[in-house]
Amino acid sequence: MRRIRRNILKHLKNLRRELAASGLAFALLAGCGGGSGAGNGMPSHAIPAVGGNGTLSLSLQVPSPALQANRRSPKYVSPDTQYIGISYLSGVNQTFTPAQLETPQASFAVSSPSVCAIQSNGYRFCSVAVSLAPGTYTVGITTWAAPPTSGTFAASSELSQATLPGEVVAAGTAANLGNATAINASLDAIPAGLAVTPLPSQTHVTADGATYDIIGMSPVDFLVEPVDAAGNIIVGQGAPSVALAADSAHDTVVTPNTGNPNEFAVQVVAWNSSPLSLTATATPPGGSGLGPTSALLSVQPIQELWGSYANAGPIDGLAGFALQPTSGATLYYAPPFTGAGTGSLSTPIDSLIGNTNAAALNFQGSVVDSSGNIWVADNATNQVAEYGLPTGSQGLAPTGTQLALTLPSLGTTGINLSADSSGNIWLYDSFTGYLNEYAAANGTLEKSVSVSSLFAAASLSTIADIEAVDNGPLAGDILIVANQFQNIYSSLFAVNSPFASPTVSTLFAGTSSASVQQVALTPSGTLAWMTLASSSGNPSLVAANVVSATSLGPTLGSLSALHSCPGIYSGSLMGFSSAQPIAAAADGSVWVAPVPASNGTACNYALSGTSVTFTGGFVRDASDGAVAISIVP
């Protein structure tokens with residue numbers, strides 16, 4: 001023991017000799033326990049000058065980890081600070097290298113009672129000082145979450161840092177870091193990472209490992225918070241500014257929350273089979289010299305099937321079903337059910353459902369626009385109205401915007417709706433015979449085309465379906481399914497833009513064995529799905545490539561509607577009607593709405609080589625059939 005003591009004394013004696021030779025000395029003094037101003041940045045604590053030198057002094061308060069709610073620490077001294085380092089360079093506005101900060105000329109352990117005094121609130125009030133020869137210095141203050149190894153701190157344990165560009169040391173005086181009387185600056189936090197999480201109680205997002213599934217086009221609010229090397233969330237003065245950027249393919253749109261700079265709304269606007277990577281960035285305050293830190297947010301788009309329903313069955317109004325893929329499952333689509341077995345019903349993630357009395361809703365045609373809002377032909381009000389995109393806190397509700405048109409008193413049953421990627425709503429009214437384009441932003445009429453005038457015959461007898469095309473050879477055109485005057489078989493036509501002088505092309509000529517009933521183009525615009533009626537047998541579902549703006553290729557496959565989809569109660573395969581709505585999904589497949597009296601099973605089909613097959617995906621809504629369906633995004 002005596003030998004150890006002699007060695008320590010000898011070491012200290014040599015250290016004093018070395019410090020004297022360099023003109024450097026240290027003065028440490030424990031705080032007096034009070035320090036009411038200690039929470040306001042880094043207040044000064046007077047330290048006597050040492051010899052003929054001047055003194056730089058620093059006092060700061062280290063929060064108690066046990067008292068930090070949610071591990072948040074302000075202004076910015078981390079509750080896990082273990083060491084305080086002081087580096088200095090002679091001259092004004094000098095630049096420290098990382099190595100110079102990691103090997104400070106002076107470092108102090110927060111656990112040392114001669115450096116930090118524990119206060120009644122559990123915080124530690126720390127006072128340190130460095131005695132220097134007269135001159136002007138650039139001073140760096142760094143806090144660390146772990147002790148040094150052989151005098152060098154690990155960069156991974158750096159918590160916060162501040163650089164003071166011009167501290168003047170005069171002989172025999174005490175210079176308080178920051179200015180002549182007190183320190184008003186704060187340490188700049190060094191983000192070691194970012195925590196990106198959705199706000200709670202949101203229905204359109206679910207965690208899937210390290211990825212978040214976002215259902216449909218509803219915006220989801222995420223909180224982006226920088227964390228320090230010890231895992232504390234950085235808040236308050238000295239905290240980095242954060243940003244969240246959309247994915248590189250721009251399949252997402254990110255909107256900052258003006259009321260909270262750490263919150264961002266993420267909306268998926270295009271489907272992708274693989275997760276999308278958004279980039280979160282934390283940038284320390286300007287002038288700190290610290291670089292930004294980034295992290296990736298992985299989101300997987302999940303499509304949503306929207307249906308509008310008349311007042312029949314358990315659903316009337318609007319309902320949206322999450323087409324949730326399950327990893328490793330036999331069925332690609334596995335929407336949640338309310339029960340088990342063949343009698344279970346799919347649970348809508350969004351719904352606006354009336355009841356069996358006079359308040360029952362009676363919705364006819366519907367479509368989802370490019371922003372995700374739902375437009376519905378309401379047979380009760382005789383209007384086409386917009387319903388706002390549901391969010392975590394706001395369900396389906398009318399926005400107050402309606403299309404500027406006067407519908408006949410007979411109701412909206414003759415209305416067909418479609419939407420394009422430019423934010424327009426297309427409407428065909430069988431009572432007027434006009435194909436109209438409306439601006440979704442305010443419902444005003446922009447274009448109007450008399451469909452009957454496009455044909456050599458006097459008029460069209462019936463239009464069963466319309467579809468606006470955004471991509472592929474038919475981009476900008478409007479498809480219509482109709483039968484010409486005195487022709488009982490329906491064909492597929494393309495009304496070619498520009499609509500000031502449109503032309504019409506026959507894409508698929510109807511016959512007695514193949515009369516077109518419904519059409520749906522995939523979002524890429526390269527594959528057309530059609531349901532065909534036959535005068536001699538069951539209806540069928542076919543697919544054909546879009547070859548040009550005037551023609552389709554030969555049908556690639558055909559599936560008889562008979563026994564093609566499981567019934568909801570018996571589980572046996574049932575058929576669909578050729579007149580039921582269909583909607584193409586971004587993966588190239590197609591959904592067929594439930595046939596009336598089929599007990600409500602919407603089914604998913606895909607093209608496999610030259611065959612159309614049931615994928616095993618279905619949604620059981622137990623209605624008498626949706627009047628219209630849409631798949632988003």
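The values are calculated or read from the model by the stated rules, or taken from the named source; none is laboratory data. Values in this document were obtained by computation on a predicted structure and should not be read as measured data. So basically every Cβ, Gly included, is an ideal-geometry build from the backbone, and we count neighbours across all protein chains shown. The accessibility values were calculated without ligands, DNA or RNA, using every heavy atom of the protein model including side chains. Shrake-Rupley method; radii C 1.70, N 1.55, O 1.52, S 1.80 Å.
For the stretch 241-300, the carbon plus sulfur part of the accessible surface works out to 53%, probe radius 1.4 Å.
Each peptide in 467-476, 506-515 receives the mean, over its residues, of other Cβ atoms within 10 Å, and ordering these scores from highest gives 467-476, 506-515.
Express the carbon and sulfur contribution to the solvent-accessible surface of the stretch 481-556 as a percent, rounded to the nearest whole number, probe 1.4 angstrom. Don't skip to the answer; put the middle values down first.
Values: 1600 of 3020 Å².
After summing per-atom areas, the C and S share lands at 53 percent.
Rounded to the nearest whole Hz, the Karplus-based 3J(HN,Hα) values (6.51 cos²θ - 1.76 cosθ + 1.60, θ = phi - 60°) of the stretch 199-214 follow the sequence 5, x, 6, 10, 8, 9, 9, 9, 7, 9, x, 8, 10, 10, 7, 10, with x at glycine and proline. For the stretch 184-224, the alpha carbon convex hull comes to 105 Å³ per residue, rounded to a whole number. How many percent of the alpha carbon pairs in the stretch 199-292 exceed a separation of 14 Å? Of all Cα-Cα pairs in the stretch 199-292, 69 percent lie more than 14 Å apart.
Just check the stretch 444-537 against the gyration tensor rule for me: Cα atoms, a ≥ b ≥ c as the square roots of the eigenvalues, rounded for a/c under 1.5, and otherwise prolate or oblate depending on whether a/b exceeds b/c. It is oblate, given that a/c is not under 1.5 and a/b is not larger than b/c.
In order along the stretch 491-497, the Karplus-derived 3J(HN,Hα) couplings, from 6.51 cos²θ - 1.76 cosθ + 1.60 at θ = phi - 60°, round to 10, 9, 10, 10, 8, 7, 6 Hz, and Gly and Pro are given as x. Taking amide H as placed 1.01 Å from N in the peptide plane, Ala146 has its amide H under 5 Å from the amide H of Gln82, Tyr83, each at least 5 places away in sequence or on another chain.
Across the stretch 475-518, Cα pairs under 8 Å and at least six residues apart give a relative contact order of 35 percent.
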